[in-house]
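In what follows, a structure is listed as structure tokens, so that the remarks can point back to it.
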Amino acid sequence: MNAKRTEKPNRTARPLRYLAAALALLFAVFSLCGCDTAEKTETFTAMDTVMTLTVYGGGSAVKDAEALILELEKKLSVTDENSEIHRLNESGSLELDPDTAVLVSRALSLCAETDGALDITIYPVVRAWGFTTGDCRVPTGEELASLLPLVDFGAVRISGNTVTLPEGAMLDLGAVAKGYASDCAAALLREKGVESAILNLGGNVYALGSKPDGSAWRVGVADPFGEGGTYSLVLSVTDMAVVTSGGYQRFFEQDGVIYRHIIDPATGRPVDNGLASVTIVCEEGLKADALSTALYVMGYEKAVEYWKKHGGFDAVFILNDGSIHITEGLESCLASASGGQTPEIIKK
Ligand code: AMP
Ligand code: MG
């Protein structure tokens with residue numbers, strides 16, 4: 001009797017088990033061949049800007065990338081009293097998380113390579129202008145003269161993971177943090193098997209792989225004279241960082257004069273050299289971010305010289321007269337330019 005009773009249910013259960021096994025197999029094959037291409041988008045505020053991560057596939061990877069960026073913000077913010085950078089600035093010497101120490105060391109190398117156009121010890125001056133606190137003001141000449149000796153990336157010491165600053169000096173990683181964060185987020189997504197994502201960290205764009213249909217990502221270079229949301233040109237890129245620095249991104253006006261947030265470390269004053277924006281295109285977000293700030297500080301002629309000498313990246317320069325100039329490597333990436341304007345191609 002018992003044997004008979006168990007036989008019947010078994011006969012009906014077997015096809016169900018086969019079906020379950022077949023479905024599990026199908027799911028495994030589906031995941032392995034990367035067929036999970038569902039779009040997931042997260043928009044959030046971090047590092048003082050609005051970020052949007054759009055990821056195809058990867059399950060919850062987009063959430064993990066967001067968490068990673070928020071974690072980095074907590075470590076790198078110059079204003080958050082609990083951040084490593086704030087604590088270093090307060091104490092003058094601090095053992096940093098190994099990854100942060102590597103970032104500081106890499107950023108210092110980029111300061112040297114750009115001959116101090118990028119200088120991550122700019123914070124005492126940036127703070128005096130009020131750009132990070134929102135309490136913007138024009139410092140006096142004497143005040144700037146007293147702060148400028150503190151701006152000297154060459155005086156920062158690193159021993160192991162411990163960074164030591166000269167008396168009164170302070171770091172500001174604002175010129176490199178978003179690019180670095182985009183590299184970290186892209187690395188995490190790749191680890192999780194993502195092959196297609198577009199990460200927009202407030203104008204710092206990282207195009208991971210290509211679009212799900214295999215075509216290149218299209219990344220717009222903002223029109224520095226537009227109201228926002230308009231582009232001077234559009235580039236087709238894959239596995240590239242596209243990072244723009246420009247005075248139009250943050251500024252204040254006093255007595256009819258506009259003061260912009262990128263400071264010339266040589267003078268302590270906002271850059272005003274005829275450049276409206278610089279966009280750097282290269283494989284590494286950190287380098288693109290560092291160079292976009294540095295080349296904006298250098299001005300058009302010196303920036304072009306720098307590109308000719310160093311290479312390893314491409315650039316878009318938009319001048320205050322509205323003219324657009326692109327380095328030769330971008331000619332093949334140019335998807336469109338606004339107003340039918342043909343950019344000048346800069347050759348080596
Ligand atoms: P970015 O938008 O990447 O060009 O970075 C600009 C931010 O970097 C500013 O808001 C400042 O916090 C900081 N900064 C300004 N001037 C410099 C400079 N010459 N070198 C390094 N950081 C700077
Ligand atoms: Mg930058």
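The values are calculated or read from the model by the stated rules, or taken from the named source; none is laboratory data. Predicted model, so just to flag it, every value in this text is computed and none were measured. We place every Cβ from the backbone using ideal geometry, glycine too, and count neighbours over all the protein chains shown.
Look at (1) surrounded by fewer than 17 Cβ atoms within 10 Å (Cβ to Cβ); (2) within 24 Å of T132 (Cα to Cα); (3) of a type outside the set (F, W, Y) and you find that P212 fails only one, number (2). Taking region 44-87 as the range and being of a type in the set (D, E, K, R), touching a residue at least 40 places away in the same chain (Cβ under 8 Å) and farther than 25 Å from T133 by Cα as the test, only D64 passes. Scanning region 235-253 for residues being away from ligand 2 (no atom under 14 Å from the Cβ), closer than 17 Å to E331 by Cα and surrounded by 16 or more Cβ atoms within 10 Å (Cβ to Cβ) gives a total of 4. Taken residue by residue, region 80-95 has no member that is modelled with pLDDT of 95 or more and under 17 Å from the mean Cα position of the chain (by Cα). Looking across region 235-263, the residues that are more than 16 Å from ligand 1 (Cβ to nearest atom) and at pLDDT 95 or above come down to L235, S236, V237, T238, D239, M240. The single condition from (1) closer than 28 Å to H325 by Cβ; (2) modelled with pLDDT of 95 or more that G226 fails is (2).
Residues that are within 21 Å of K287 (Cα to Cα) and under 24 Å from the mean Cα position of the chain (by Cα): does region 128-135 have at least one? There is no residue in region 128-135 that is within 21 Å of K287 (Cα to Cα) and under 24 Å from the mean Cα position of the chain (by Cα). The single condition among (1) among the small types (G, A, S); (2) away from ligand 1 (no atom under 12 Å from the Cβ); (3) touching a residue at least 12 places away in the same chain (Cβ under 8 Å) that A266 does not meet is (2). The strands (runs of 3 or more DSSP E) falling completely within region 227-272 that include 1 or more residues that are of a type in the set (F, W, Y) and either within 30 Å of A187 (Cα to Cα) or in contact with an Asp or Glu (Cβ under 7 Å, 6 or more places away or on another chain) (or both) map to 231-237. Among the residues of region 200-217, the ones that are away from ligand 2 (no atom under 16 Å from the Cβ) and either touching a Ser or Thr at 6+ places or on another chain (Cβ under 6 Å) or of a type in the set (D, E) (or both) come to 5 in all. Residues in region 132-179 that are in a loop (DSSP other than H, G, I, E, B) and touching a Leu at 6+ places or on another chain (Cβ under 8 Å): P139, V156, N161, L165, P166, G168, A169, M170, L171, L173, A175, V176. Counting only strands (runs of 3 or more DSSP E) wholly contained in region 283-342, the ones carrying 3 or more residues that are within 16 Å of ligand 1 (Cβ to nearest atom), within 21 Å of N273 (Cα to Cα) and touching a helix residue (DSSP H, G or I) at 6+ places or on another chain (Cβ under 8 Å) occupy 314-319. Considered as a group, the residues in region 112-152 that are at pLDDT 95 or above and of a type in the set (D, E) include one that is nearest to ligand 1 (Cβ to nearest atom), and that residue is D119. In the set (1) in contact with a Lys or Arg (Cβ under 6 Å, 6 or more places away or on another chain); (2) within 30 Å of T140 (Cβ to Cβ), L201 fails one condition alone, (2).
Only one entry of V281, V304 meets the criterion of being crowded, with 21+ Cβ neighbours inside 10 Å, of a type in the set (A, V, I, L, M) and at pLDDT 95 or above, and that entry is V281. Are any of the residues in region 184-194 within 16 Å of ligand 1 (Cβ to nearest atom) and β-branched (V, I, T)? Looking through region 184-194, none of the residues is within 16 Å of ligand 1 (Cβ to nearest atom) and β-branched (V, I, T).
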